[in-house]
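The structure is given below, and queries will be raised subsequently.
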Amino acid sequence: MPVLDLRAASAALRTRTPLVHCLTNTVVQTVTANALLAVGAAPAMVDAPEEAGDFAAVASAVLVNVGTVSARTAEAMRLAARAAGTAGTPWVLDPVAVGGLAFRTGLAAELVGLRPTVVRGNASEVMALAGAGAGGRGVDSTDSAEDAAKAAAELAARTGGVVAVSGAVDLVTDGRRTVRVGGGSALLTRTTGAGCALGALVAAYVAATGDPLTGAVAAHAHVAVAAERAAAVAGGPGTFTPAWLDALDAVDGDALAAADVR
């Protein structure tokens, strides 16, 4: 495993308060914004084509999540990704439900050509994006993170960035180095928005650290540690989400340094 200073990553995030421009799906906007605030970042939900490119150029990082994409928001995503690339702004692609639906699959393939800093998705989404699978069941993966390891490494080599695959044990690779992040809770899969919020946290950490691999690993570790703490006090999915937001706020550098990262 490469040397990753997650304690320093946590300090950088809290100190720099990165502004994360989120073009994300309508189901999770509030959860995503609250998660960013909880970890010390600042959210902005700007998805109008008339503004997306301009805002992406001045934001600290950009998240492009295709979960509820339409023709209008697809154009905003293209403009934001291009502007981010021109400005040197890190950006994250979350290819939600790619593989099963032609419109979003084509858009995601186009966005991959714009070289995202990080691609973050579940195993079936990553495999479909890499051309190694047909996608999962809607937003649910039918593959494990280990199933997607080869496809993730190939996709990272193609984009020149990092690919992060969510699963029981998350897998993060830059095509040469691979890191796994354990922990978390099954309750993450029984509430709305945790995975999408994770994409935003990856963007925030990459902006704060300046290192896509460290940033992606730190975000996954932060979410996992917070989920474990929340699950310990939650009575079920309904109480898990607010407990998870509280835990995201409470996780510090020492907790990240002790996370199950290997």
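The values are calculated or read from the model by the stated rules, or taken from the named source; none is laboratory data. From a predicted model like this one, the values you see are computed outputs, not experimental measurements. No Cβ is skipped: glycine too gets one built from the backbone with ideal geometry, and neighbour counts run over all protein chains shown. Side chains included, ligands, DNA and RNA excluded: accessible areas come from the protein's heavy atoms. Shrake-Rupley method; radii C 1.70, N 1.55, O 1.52, S 1.80 Å.
Give me the number: length gained by fully extending residue 110 to residue 177, i.e. 0.36 nm times residue separation minus the C-alpha to C-alpha distance, one decimal in nm.
Full-extension gain reported as 21.6 nm.
Please work out whether the stretch 188-262 counts as rounded, prolate or oblate from its C-alpha gyration tensor, where a ≥ b ≥ c are the square roots of the eigenvalues and a/c under 1.5 means rounded, while otherwise a/b larger than b/c means prolate and anything else oblate?
prolate
Carbon and sulfur together cover what percent of the accessible area of the chain at a 1.4 Å probe radius?
The computed percentage sits at 53.
With every protein chain present, what is the per residue accessible area of the stretch 197-261 (1.4 Å probe, Å²)?
It amounts to 30 Å² per residue over the stretch 197-261.
Work out how much length residue 260 to residue 15 would gain on full extension: take 0.36 nm times their residue separation and subtract the Cα-Cα distance, in nm to one decimal.
Full-extension gain reported as 85.8 nm.
OK, next. Quick one: if you stick a label point 7 Å off each Cα along the C-beta vector at residue 50 and residue 37, how many nm between them?
Using points 7 Å along Cα→Cβ, the separation is 2.7 nm.
Oh, and also: Could you sort 15, 24, 178 by accessible area so the largest value comes first, with the probe set to 1.4 Å?
The ordering from most to least exposed comes out as 15, 178, 24.
Next question. Mind checking which of 127, 77, 45 has the largest fluctuation in a GNM of the chain, springs on alpha carbons under 10 Å?
45
So, one more: Quick one: among 116, 242, 43, which has the greatest mean-square fluctuation in a GNM of the chain with alpha-carbon springs under 10 angstrom?
242
Modelled label-to-label distance, residue 87 and residue 190, 7 Å Cα→beta-carbon offset: nm?
4.1
Tell me what the chain gives for mean residue ellipticity at 222 nm when only DSSP H runs of n ≥ 4 count, each as -39,500 (n - 2.57), the sum divided by the residue total, rounded to 500 deg cm²/dmol.
Helix contribution divided over all residues of the chain: -16000 deg cm²/dmol.
So what is the relative contact order of the chain, in percent, for Cα pairs below 8 Å that sit 6 or more residues apart?
Answer for the chain is 21 percent.
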